[in-house]
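The values are calculated or read from the model by the stated rules, or taken from the named source; none is laboratory data. Small disclaimer: the values here were computed from a predicted structure and weren't measured. As a convention, Cβ positions derive from the backbone with ideal geometry for all residues, glycine included, and neighbour counts pool all protein chains shown.
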Amino acid sequence: MKIERRRTRSAEVYTASLNDIMFFLLLFFLIISTMITPAAIRVALPNSKTSNEVALKKNINLIITADRHYFIDKKEITFEQIEPELSAILATKKEGEEVNVLLQADRSLNLQDVVDVIDIANQLKIKMVLFTQKEK
């Protein structure tokens, strides 16, 4: 007696809707990533052969852009406001706590602009570190 075997079924996964899901996920991440980036202030740092990595723990970031806009911790200020702002920040620091100002000055700035800011830090007796980037 000959017994016929039934057709074997093959399992399939319907993947046509996965394309739509992947497209929407990609679109979502692209939109979110563009919203995050504009908060950064772009500064072209000067190059240095002996540049070291600096830990960014409880430091004051002072940024000078190429068009001489000043920022303290991402807050835009004028040159005249640098000393009062730094003094106010120093007043809130604990006794014995070391205060460092991380200076990020654009490489196209005049040297006098940078020295004027360093003089303010020297008057307030604050340690200032000038940021550079390692040569490629």
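Answer yes or no: is there a residue in the range 125-133 that is polar (S, T, N, Q) and in a helix (DSSP H, G or I).
Within the range 125-133, the first condition is being polar (S, T, N, Q), and the residues that meet it are 132-133.
Subset that is in a helix (DSSP H, G or I): none.
Within the range 125-133, not a single residue is polar (S, T, N, Q) and in a helix (DSSP H, G or I).
Would you say Gln112 is outside any helix (DSSP H, G or I) and either of a type outside the set (Asp, Glu) or crowded, with 16+ Cβ neighbours inside 10 Å (or both)?
No.
Looking only at the range 91-106, which residues are modelled with pLDDT under 85 and closer than 17 Å to Met128 by Cβ? Selection gives Lys93, Glu97, Glu98, Val99, Asn100.
Condition (residue is outside any strand (DSSP E or B) and among the polar types (S, T, N, Q)) applied to the range 93-107: is it met by at least one residue? Show your work before the answer.
Residues of the range 93-107 outside any strand (DSSP E or B): 93-99, 106-107.
Add one more test, that the residue is among the polar types (S, T, N, Q), and what stays is none.
No - not one qualifying residue is present in the range 93-107.
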